[in-house]
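The values are calculated or read from the model by the stated rules, or taken from the named source; none is laboratory data. Quick caveat, the model's predicted, so the values are computed rather than measured. Heads up, the Cβs are rebuilt from the backbone with ideal geometry, glycines too, and the neighbour counts pull from every protein chain shown. Just the protein is used for accessible areas: all its heavy atoms, side chains included, with ligands, DNA and RNA removed. Shrake-Rupley method; radii C 1.70, N 1.55, O 1.52, S 1.80 Å.
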Amino acid sequence: MENSKQMRTWLDDMKLDHPLVIAGPCSAETEEQVLKIAHDLIDTDVNYFRAGIWKPRTRPGMFEGVGAIGLKWLQKVKEETGLKTATEVANRAHVDLALEYDVDLLWIGARSTVSPFIVQEIADALEGTDKIVLVKNPVNPDLALWLGAVERLHTANIKNLGVIHRGFSTYEKTKYRNIPEWQMAVELQSKFPDLPIINDPSHITGKRDMIFDVCQTALDLNFDGLMVETHNDPDQAWSDAAQQVTPASLIQIMKDLKIRKVTDEEMDYNNKLSQLRAQIDMIDNQLIDILGKRMKTSDQIGALKKQRNVAVLQTNRWNTILGKMILEGEAKGLSEEFVLRLFKAIHQESINHQEKIVNA
Ligand code: PEP
Ligand code: MN
């Protein structure tokens with residue numbers, strides 16, 4: 001695949017005057033639930049109705065999807081509402097059924113993208129299809145693996161391709177369910193400007209009150225669309241309850257989002273600026289996060305010192321840290337003065353934390 005800038009894609013052919021919107025429940029649960037949500041999404045910005053039919057669950061024993069019967073409900077959605085339909089496929093059998101029931105858009109889930117065997121099986125099953133096929137990023141932040149999956153589909157002569165950015169797993173708990181690592185999506189966009197990229201704020205955040213902000217960042221970074229899990233009764237959803245929004249909230253979100261329409265000349269400048277700003281925001285969040293972690297560790301040291309009745313301030317240790325950080329800072333282009341000021345502030349906060357613990 002080469003980096004050609006002027007290709008017309010399936011998305012351009014849709015001639016939308018707003019970002020593409022894919023919405024619908026994490027899982028199809030019942031025919032009534034599916035149809036209710038779909039009807040609530042008529043005459044909104046929603047272009048595709050999503051519903052998971054086969055659900056990849058991290059642990060066994062949870063709801064694993066209604067299976068093929070849900071495809072009939074999706075057909076009904078199309079007949080009754082005119083919305084196009086979308087679902088996840090994870091093997092050849094899913095593909096065959098989804099094609100048989102004429103699902104319009106298929107996506108490969110994050111847990112499948114990690115497996116070249118599975119992706120190849122799906123690509124072979126879809127060979128030459130006109131359906132739109134979107135590839136979610138793999139659960140691990142590996143751009144080559146993500147692109148590799150797209151390449152397998154491209155090689156199978158599947159022309160209507162795109163990607164979905166749904167964030168990445170981490171061992172450490174963060175405020176995200178799956179951290180966005182925006183820079184990876186930005187890199188992908190700059191390498192493949194003609195590959196439509198859709199953001200999935202639901203699986204990135206895991207929480208419905210964070211969805212708006214992630215949508216806005218995605219649009220500021222020139223994403224082409226959004227996939228938002230939408231449920232008529234989110235709290236009672238059979239999967240991903242905390243992150244689903246009601247159709248009414250989705251409509252409000254779409255109304256509040258700032259969608260910047262810019263000329264080509266403005267685009268380049270704005271693009272670069274907003275990409276850099278999103279990176280700065282992300283790094284600032286990481287800084288706060290990491291400082292919080294440092295203070296937690298410092299608290300644990302405070303508790304140890306208290307047990308041993310040792311003084312909070314240990315000058316030797318502190319001088320060693322400072323010397324090391326000045327050298328490391330220099331290697332990263334940070335002035336000695338800055339590193340000194342920064343670490344004095346960190347040290348002071350650390351002492352305050354430990355004193356609180358020792359004197360408690
Ligand atoms: C989903 O879209 O419901 C889903 C299972 O997503 P992911 O593959 O991103 O975990
Ligand atoms: Mn889900």
Could you tell me how many of the residues in the stretch 192-243 are closer than 22 Å to His18 by Cα, out of contact with any helix residue (DSSP H, G or I) (no Cβ under 7 Å at 6 or more places or on another chain) and of a type in the set (D, E, K, R)?
3
Some residue of the stretch 209-222 being over 23 Å from Leu147 (Cα atoms), aliphatic (A, V, I, L, M), surrounded by fewer than 20 Cβ atoms within 10 Å (Cβ to Cβ) and within 17 Å of the chain's Cα centre (by Cα)
yes
Go through the residues of the stretch 177-185 one by one and say whether even a single one is within 27 Å of Glu121 (Cα to Cα) and either open to solvent by 30 Å² or more (accessible area, probe 1.4 Å) or part of a helix (DSSP H, G or I) (or both).
yes
If we ask which residues in the stretch 246-298 are modelled with pLDDT of 95 or more, in a loop (DSSP other than H, G, I, E, B) and not hydrophobic (A, V, I, L, M, F, W, C), their number turns out to be 1
Taking Ser190 as meeting all but one of (1) away from ligand 1 (no atom under 14 Å from the Cβ); (2) open to solvent by 50 Å² or more (accessible area, probe 1.4 Å); (3) within 28 Å of Phe63 (Cα to Cα), write down the number of the exception.
(3)
Of the residues in the stretch 302-318, those that are open to solvent by less than 100 Å² (accessible area, probe 1.4 Å) and either more than 18 Å from Ala345 (Cα to Cα) or touching a residue at least 60 places away in the same chain (Cβ under 8 Å) (or both) come to Ala303, Lys305, Lys306, Val310, Ala311
Which residue, of Leu16, Leu41, is surrounded by 17 or more Cβ atoms within 10 Å (Cβ to Cβ), assigned by TED's automatic domain parsing to the domain that holds Arg166 and either of a type in the set (Ser, Thr, Tyr) or away from ligand 2 (no atom under 12 Å from the Cβ) (or both)?
Leu41
Scanning the stretch 99-146 residue by residue, those open to solvent by less than 30 Å² (accessible area, probe 1.4 Å) and either under 18 Å from Met184 (Cα atoms) or outside the structural domain of Leu83 (by TED's automatic domain parsing) (or both) turn out to be Gly109, Ala110, Thr113, Leu134, Val135, Lys136, Asn137, Pro138, Leu143, Trp146
Cβ-Cβ below 8 Å, separation at least six or inter-chain, first residue in the stretch 336-358 and assigned by TED's automatic domain parsing to the domain that holds Lys296, second assigned to a helix (DSSP H, G or I) and of a type in the set (Phe, Trp, Tyr): which pairs?
His347/Trp318
Listed by first then second residue, the pairs whose first member lies in the stretch 46-57 and is closer than 18 Å to Val95 by Cβ and of a type in the set (D, E, K, R), whose partner is open to solvent by 10 Å² or more (accessible area, probe 1.4 Å) and within 15 Å of ligand 2 (Cβ to nearest atom), with beta carbons under 6 Å and at least 6 positions apart or on separate chains, are Lys55/Glu64; Lys55/Gly65
Collect the residues in the stretch 58-91 that are surrounded by 13 or more Cβ atoms within 10 Å (Cβ to Cβ) and assigned to a loop (DSSP other than H, G, I, E, B), keeping them in residue-number order.
Phe63, Glu64, Gly65, Val66, Gly67, Ala68, Leu83, Val89, Ala90, Asn91
